[in-house]
Each structure stands twice: as structure tokens, then as C-alpha cells.
Amino acid sequence: MLLCPPSVCNFIAFIKTGSIRSYHIDDNLIETNLLLKSNNEFITDYESFISLEPSALCIQSIDKGEMILLDRNGLYSLYETSFYWNKFGRIMSEQIFLNSKRRTEQMLFLSPKERYLLLLKNEPNFFQKYALKHIASYLGITPQSLSRIRNQIAHH
């Protein structure tokens, strides 16, 4: 486990190999995946990272892999002293914003079936990397609903 509430997230992880998820656990101990990330991607709780507030998310490795952890203090020092690292930080912030906006819009404006089809189109490898229960949670549906959607599509 890389992060558990109420710890402050003081890292950005670059995933060289493996699969990682960030998720929230509600009062009924139900887990909801926010992010599913794998090879050559970054993962963090960016809100906690920049605000230094306790995280409400867990970050957990799903399988064995290798990652590089960028420590908050070290990264901020690099931002101050290096144009290239400063640019890296800006680009990362922009990507986090865009990904967050897209995900929010998908959850608000698309049906579960449309979200599934979009995921299938944009991230076909998800279905080899992640268990269906994790994918269902990421899509905001139950595993049973995911199974129904997959059956509908398979029979058309």
C-alpha cells in the first residue's frame, strides 16, 4: 500500500512496470476506483500532494512492478532550480487537470454503456491488466451491470 487515509501524499509515482489503482473507501467499506494506471504513467493524490492536507484516497499496487517515487520536497526544489523540471511540473499539472475534467464529464454525461465503449476504444489493454471488478468500479457500475453491458455488446 503506497498511501492510506489520513496520510498526506508526499510523492508522485512514475510506474515503470505494473498496475496501480487509487480508490476511496466509504463508510460501508465499499471501494470505488478513481484511477487505474500502469506502465509509463504517473499516479498520486494530487490534491493532497499540493495542499498538504490528509488524503481521502488509498493508492495500492495491484501486481508486482517497479516504480520511481518523486518526493514532494525534492521535486519542489527541482522546480525552483531547473527550467526543465519546472516545465515538467506545469505539463503534469495540465495533464492532471485535463484527465480529471474528462473523467468528470464522462461520469456526468455518458451512460454506463457509453463509458464502457469509450474505455474499450481508448484503453483496450485495461481488460488484460485489471480485474473486471476494478474496471466496473472505475466505470461507476456494479460488476453485474458490467457483465450485462458486455453480454449486450457481444450479442450485437
Exercise for the section: Would you check which residues across the range 11-31 are closer than 18 Å to Pro54 by Cα and of a type in the set (Ser, Thr, Tyr) and list them? Expected result: Ser22, Tyr23
Exercise for the section: Give the residues of the range 80-91 that are surrounded by 13 or more Cβ atoms within 10 Å (Cβ to Cβ) and either under 16 Å from Ser51 (Cα atoms) or more than 24 Å from the chain's Cα centre (by Cα) (or both), sorted by residue number. Expected result: Gly89
Fill in the blank from the handout: Given the conditions (1) out of contact with any Phe, Trp or Tyr (no Cβ under 8 Å at 6 or more places or on another chain); (2) not assigned by TED's automatic domain parsing to the domain that holds Ser22, every one holds for Glu80 apart from (2)
Fill in the blank from the handout: Of Ile62, Ile68, the only residue that is surrounded by 12 or more Cβ atoms within 10 Å (Cβ to Cβ) and touching a strand residue (DSSP E or B) at 6+ places or on another chain (Cβ under 8 Å) is Ile62
Completion exercise
Per the filter on the range 39-56, residues within 23 Å of Phe88 (Cβ to Cβ), in contact with a strand residue (DSSP E or B) (Cβ under 8 Å, 6 or more places away or on another chain) and among the hydrophobic types (A, V, I, L, M, F, W, C) are Phe42, Ile43, Phe49, Leu52
Practice task
Kindly indicate whether Glu66 is assigned by TED's automatic domain parsing to the domain that holds Arg150, modelled with pLDDT of 95 or more and farther than 19 Å from His134 by Cβ.
Solution key: no
Practice task
Would you please list the contacts, defined by Cβ atoms under 6 Å and residues six or more apart or on different chains, that run from a residue in the range 112-140 that is in contact (Cβ under 8 Å) with a residue 12 or more places away in the chain and among the small types (Gly, Ala, Ser) to a residue that is part of a helix (DSSP H, G or I) and surrounded by fewer than 17 Cβ atoms within 10 Å (Cβ to Cβ)?
Solution key: Gly140/Met107
Exercise for the section: Scan the strands (runs of 3 or more DSSP E) fully inside the range 9-80 and keep the ones with 1 or more residues being under 27 Å from Asn122 (Cα atoms) and among the small types (Gly, Ala, Ser). Expected result: 11-17, 20-25, 58-61
Completion exercise
Taking the range 141-150 and the residues there that are part of a helix (DSSP H, G or I) and either among the charged types (D, E, K, R) or free of Cβ contacts under 8 Å to residues at least 24 places away in the same chain (or both), the one that is surrounded by the fewest Cβ atoms within 10 Å (Cβ to Cβ) would be Gln144
Problem - Enumeration of residues in the range 15-57 that are crowded, with 18+ Cβ neighbours inside 10 Å, over 13 Å from the mean Cα position of the chain (by Cα) and within 27 Å of Pro143 (Cα to Cα) - result: Ser55
Exercise for the section: May I ask you to say which residue of Ile96, Ile153 is surrounded by 12 or more Cβ atoms within 10 Å (Cβ to Cβ), over 24 Å from Ile59 (Cβ atoms), of a type outside the set (D, E, K, R) and touching a residue at least 24 places away in the same chain (Cβ under 8 Å)? Expected result: Ile153
Practice task
Looking at (1) under 21 Å from Tyr23 (Cβ atoms); (2) modelled with pLDDT under 95, find the lone condition where Ile141 falls short.
Solution key: (2)
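Please enumerate the residues belonging to the range 81-114 that are under 30 Å from Tyr138 (Cβ atoms), hydroxyl-bearing (Ser, Thr, Tyr) and in a helix (DSSP H, G or I).
Ser93, Ser100, Thr104 - these are the residues of the range 81-114 that are under 30 Å from Tyr138 (Cβ atoms), hydroxyl-bearing (Ser, Thr, Tyr) and in a helix (DSSP H, G or I).
The values are calculated or read from the model by the stated rules, or taken from the named source; none is laboratory data. This is a predicted model, so every value here is computed, not measured. With ideal geometry, Cβ positions are generated from the backbone for all residues, glycine too; neighbour counts draw on all protein chains shown.
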